[in-house]
Each structure stands twice: as C-alpha cells, then as structure tokens.
Amino acid sequence: MSDFFKRRVARALVSTVALFALTACVTVMRSVHPASQRAELGHVIDSLTSQAVFRNANWGVLIVNPRTGDTLYSKNAGKLFMPASNMKIITTAAALTLLGPDYTYKTTFLASGEVRDSLLDGDLLVIGRGDPTVSDNMRGIATTVMDALADSIRAHGIRQITGSLARVGNAFPDSIHGYGWEWDDLGEYYGAGVDELIFNEGMAPTTPRPPPDTVRDSLYSGPAKDPATGYLNALNDALVRKHITVEAGIIDSIVPTPFKMDTLFTFVSLPMRNIIPALMKPSQNQIAEILFKTIGLERGGMGTSDSARKIVGQQLLAWGAQSDGFVIRDGSGLSRHDLVSPETIVKVLDKIQQDTAFAVYYNAMPIAGVDGTLKDRMKGTPAEGNVHAKTGSIAAARSLSGYVTTADGERLIFSILANNWTTPSSAVTDVADQIASALAAYRAH
C-alpha cells in the first residue's frame, strides 16, 4: 500500500469516527437530562482526541462557561503548546486594551528646506510610526493612498525637490522579522518583514514602476527586502504620477535628523477598530507584528520585540494568567518559540469580554462557515454562523480557540491546541471542528 493511499485511508477513518462521535453527541444532547450532558460531552471529546492515529500527538483542550465559572472539559489545559496564529488572540486583546479602539497611527511628512516658486530646495522626509493600513487589504487599492499623499505634497506648492526622498526617525529599531522565524518562511507572503514605514503589508510589486498617469497593477511577487524602502518607492511612484520630481532619488537608509525641518502635513491611519478585523479575519502576520511593536513603543518607550514581550507579559499577569503559562517571542505566532497553554488563551478570551470594545474584538474573529479563515469550515453544522474563533496553522501545530453559543444560549469559551502528530493535518483540523460543533449543540441547562 502506497504512503499516499495510507494517508487517505487514515484521514477517512478519522473523519468517520469523528462524524459518528459528533452525531452521537448531538443525539444524546437532545435527549439526555442536562445533568449528564457534561459527562457525555467529555466522553465524546476524549474519544475524538484519543483515537489510535493520535497516539503520538499532544492535545490541550479547555472549555469553560464564563458566566458560571464552570469548567466543562479540561485536558492538558496547563501544558504549553506552540499556538501558531492563536498568538494573535493575545496580541489583539492586548492592543485593544492598552491602546484602545480609537488608536491611530500618524505618519509625518516634512521639508528640510524652503519651498519657493514650486521648488523644495532640500529633502522630502517621512517619519513613520508603523501605520499598517496602507494596503490593498484595507484600502481596496493601496496606491490610492500614495496618490492622495502626493496630492497633499502638491497642494503645498511643491513640483520639484532638489534633494532626496528619505526617512528620519527609527520607531522600530530591531529586526524586521520576528524572533525565530524560519528561513524558508521569509520568502513567503506571510513571512514579510515589518518596519515603521510599510506599504501593502510588506509585499514587493511584480510590475515595473509605472510611467506618469498610469496606476500600478496591484500584483505582488513576494516580500520586499526592506519594507521602509518599499514604502518610499511606492510614494515616489505616486510623485511621478503627479508630475513631482525628486532629483536626488530615494535614500534607502535612515538619514540623520536635520537641524531644521518644517512639517508639511500628518497622515492619520484608520483606527484600531478597523485594523483588528483586517488582522484577525485573514490571520495577517504583518499587522500582528506591527501591533506587537506598537505596544512596546507606546507603553514601554521602545518599538522592539523585547519591549513588547515585557508589556504583553505584564498584561497577561494582570488578567490572571499564570507566569509559567506562556512564553512570548513574537506577535503573530509564526515563531516556533512561542508557547502558550489553553488556560492562558481562555483567560484572555474571558477577560477581554469585560472591555467596553469587546464587540470590536468578537466581530473581528473569523465566523464558522461565513468568513475569514473559517469561511469553509463547519458548514452545515450547529457551529455555522455561531462559532467566532481564531485558527492557527504552522508545521506540527494546529489551533482553534474562541467563543461558541450553546443550543440554549450560553456563550462558552474554548481553546483547542494540538502539536506533534504524524497523521494528516486535516484530521487534526477535523477533530477541532467536531468539538466546536458539539459545543454549539450542547445544552447547559
């Protein structure tokens, strides 16, 4: 029997067992007295996660009712797991709590010389603070923002710049990549680096820079080698389209702060309440890393990962997480060095419910069978349109954590983390979906 056929058979067996277990669970939950339903739910989850094909796998599961404080099910809930993109649950909750739903990024445009007779005799300078919203994902076409910036520069009477287009300041002074990101991720779209200036989520264009009066095709071949330079290139393209000449070109490094600078204008980003859905629904790594460093910058005085780790760790402790229940290395979960327990994730999901902006957080999560990374999952089950949860997927790690409303209207919090298996990964995903679906059919009363 070929390895491919063996994998197909294994997946079919797992799916069959899982479907049988879920069907049995739903049937029992519709007919058994509520007092015994919790035991039946536990039996179903045990059956799903203890199948022979998962003999070598690690599962961590925690399900709680936050209203009553009851734990409905717990398995290895205090153990540490690679969370993959479930790390974004922590990053976004911390950002919403520490920065607020109305927080905005400000990018400042300055002139280092006098403007006279349509001539800027000096450099056009940009100071960034990490605005992640200049992207196709958030603006429809990212170049429209650059065109608007060029229009603002032109509105200040500038048609020609004798100096360079350059950046000053260094809001994010450490590596553009997260701690421990693997080299084979760095060439992929999800492994693009971030900096205080970033255009279209750090992606480089596939097409040549356009001649005047044309709009760049919004197709991208892979991560830009230098995100900040990519931003300046995109701005320069817009200046060309608006017939503004930069005689000395682009400086691809940070220039010393001039003795004299005049602020032309400040560009304000979309607010945090718009940024979090753009991060959570598609599981966008670069926005997560920017929020992570922004927490470090705004609350710790340094836009570095080290500063962010300290601040986010303090917030987790303030929420009641155990000090040995997390190891934070990045904001997105792409790092294999992140470690989190189901207890920590559930604690965050519980505490963020008390935030006045919880609706922003809840609605930003992918919804089963509806949108985001859960668009094609759990369709035709009680979880469809019900489960609001964050997925996670890297090698040897799958995760699903969030909220589910039971058949009798109780909102439960759950975290399902799995690491280290040899069965097809789809089988692990199927089990998580079956558990979430069973919770949607569960009756707490």
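The values are calculated or read from the model by the stated rules, or taken from the named source; none is laboratory data. Please read all numbers here as calculations on a predicted model, not as lab measurements. A quick note on method: Cβ atoms are made from the backbone with ideal geometry, for glycine too, and the neighbour counts reach across all protein chains shown.
When Lys379, Lys390, Lys375 are checked against the criterion of being touching a helix residue (DSSP H, G or I) at 6+ places or on another chain (Cβ under 6 Å), in the same structural domain as Ser85 (by TED's automatic domain parsing) and among the basic types (Lys, Arg), a single residue qualifies: Lys390.
Could you go through the stretch 14-29 and let me know if any residue there is surrounded by 21 or more Cβ atoms within 10 Å (Cβ to Cβ), closer than 27 Å to Ala444 by Cα and at pLDDT 80 or above. No, the stretch 14-29 contains no residue that is surrounded by 21 or more Cβ atoms within 10 Å (Cβ to Cβ), closer than 27 Å to Ala444 by Cα and at pLDDT 80 or above.
Against the list (1) more than 30 Å from His177 (Cα to Cα); (2) part of a loop (DSSP other than H, G, I, E, B); (3) in contact with a helix residue (DSSP H, G or I) (Cβ under 8 Å, 6 or more places away or on another chain), the condition Asp430 fails is (2).
Apart from one condition, Ala93 fits all of (1) more than 29 Å from Thr356 (Cα to Cα); (2) part of a helix (DSSP H, G or I); the exception is (1).
Looking only at the stretch 246-253, decide whether some residue is more than 27 Å from Leu165 (Cβ to Cβ), touching a strand residue (DSSP E or B) at 6+ places or on another chain (Cβ under 9 Å), assigned to a loop (DSSP other than H, G, I, E, B) and charged (D, E, K, R). Break it down into steps so the answer makes sense when it comes.
At the first step, the residues of the stretch 246-253 found to be more than 27 Å from Leu165 (Cβ to Cβ) are none.
No, the stretch 246-253 has no match at all.
Kindly establish whether Arg139 is charged (D, E, K, R) and touching a residue at least 60 places away in the same chain (Cβ under 8 Å).
Numbers: charged (D, E, K, R): yes; touching a residue at least 60 places away in the same chain (Cβ under 8 Å): no.
So Arg139 does not fit the description; no.
Counting just the residues of the stretch 302-318 that are out of contact with any Phe, Trp or Tyr (no Cβ under 8 Å at 6 or more places or on another chain) and free of Cβ contacts under 8 Å to residues at least 24 places away in the same chain, which one comes out surrounded by the fewest Cβ atoms within 10 Å (Cβ to Cβ)? Break it down into steps so the answer makes sense when it comes.
Let us first name the residues in the stretch 302-318 that are out of contact with any Phe, Trp or Tyr (no Cβ under 8 Å at 6 or more places or on another chain), namely 302, 306-307, 309-311, 314-315, 317-318.
Retained after the next criterion (residues that are free of Cβ contacts under 8 Å to residues at least 24 places away in the same chain): 307, 309-310, 314, 317-318.
Working: Ser307: 20, Arg309: 21, Lys310: 17, Gln314: 14, Leu317: 13, Ala318: 10.
Among those that are out of contact with any Phe, Trp or Tyr (no Cβ under 8 Å at 6 or more places or on another chain) and free of Cβ contacts under 8 Å to residues at least 24 places away in the same chain, it is Ala318.
Quick one: in the stretch 62-84, which of the residues that are outside any loop (DSSP other than H, G, I, E, B) and crowded, with 24+ Cβ neighbours inside 10 Å is nearest to the chain's Cα centre (by Cα)? So, considering only residues that are outside any loop (DSSP other than H, G, I, E, B) and crowded, with 24+ Cβ neighbours inside 10 Å, the one nearest to the chain's Cα centre (by Cα) is Ala84. Criterion applied to Phe199, Phe172 was being modelled with pLDDT of 95 or more, closer than 20 Å to Asp330 by Cβ and buried (at least 23 other Cβ atoms within 10 Å of the Cβ), and the one residue passing it is Phe172.
Residue pairs whose Cβ atoms lie under 7 Å apart, separated by 6 or more positions or on different chains, with the first residue in the stretch 334-355 and under 11 Å from Gly78 (Cα atoms) and of a type in the set (Ser, Thr, Tyr) and the second modelled with pLDDT of 95 or more and surrounded by fewer than 24 Cβ atoms within 10 Å (Cβ to Cβ), are Ser341/Ala77; Ser341/Gly78; Ser341/Lys79; Ser341/Leu80; Ser341/Gly325; Thr344/Leu316; Thr344/Ala321; Thr344/Gly325.
For Gly331, indicate whether it is more than 17 Å from Ala93 (Cα to Cα), touching a residue at least 24 places away in the same chain (Cβ under 8 Å) and in contact with a helix residue (DSSP H, G or I) (Cβ under 8 Å, 6 or more places away or on another chain). Here the answer is no, as Gly331 does not meet what is asked. Scanning the stretch 361-373 for residues that are touching a residue at least 40 places away in the same chain (Cβ under 8 Å) and buried (at least 19 other Cβ atoms within 10 Å of the Cβ), we see that the one that is farthest from the chain's Cα centre (by Cα) is Ala368.
Please verify whether the stretch 321-342 includes one or more residues that are part of a helix (DSSP H, G or I) and either touching a Ser or Thr at 6+ places or on another chain (Cβ under 7 Å) or surrounded by fewer than 22 Cβ atoms within 10 Å (Cβ to Cβ) (or both).
Scanning the stretch 321-342 turns up at least one residue that is part of a helix (DSSP H, G or I) and either touching a Ser or Thr at 6+ places or on another chain (Cβ under 7 Å) or surrounded by fewer than 22 Cβ atoms within 10 Å (Cβ to Cβ) (or both).
The set of residues in the stretch 374-395 being under 19 Å from the mean Cα position of the chain (by Cα), among the aliphatic types (A, V, I, L, M) and in a loop (DSSP other than H, G, I, E, B) consists of Val387, Ala395. Within the stretch 229-244, the residues that satisfy the criterion of being of a type in the set (A, V, I, L, M) and either buried (at least 19 other Cβ atoms within 10 Å of the Cβ) or in a loop (DSSP other than H, G, I, E, B) (or both) are Leu232, Ala234, Leu235, Ala238, Leu239, Ile244. Taken together, the criteria place Ser305 among residues that are more than 28 Å from Val61 (Cβ to Cβ), not acidic (Asp, Glu) and not assigned by TED's automatic domain parsing to the domain that holds Thr133. Among the residues making up the stretch 393-411, those that are among the hydrophobic types (A, V, I, L, M, F, W, C) and either buried (at least 24 other Cβ atoms within 10 Å of the Cβ) or not assigned by TED's automatic domain parsing to the domain that holds Ile89 (or both) are Ala397, Leu400, Val404. Among residues of the stretch 169-189 that are free of Cβ contacts under 8 Å to residues at least 40 places away in the same chain and not assigned by TED's automatic domain parsing to the domain that holds Met82, those with a beta-carbon under 6 Å from a residue that is in a loop (DSSP other than H, G, I, E, B) and buried (at least 16 other Cβ atoms within 10 Å of the Cβ) at least six positions away or on a different chain give the pairs His177/Gly193.
When Asp355, Asp371, Asp376, Asp350 are checked against the criterion of being under 24 Å from Leu80 (Cα atoms) and of a type in the set (D, E, K, R), a single residue qualifies: Asp350.
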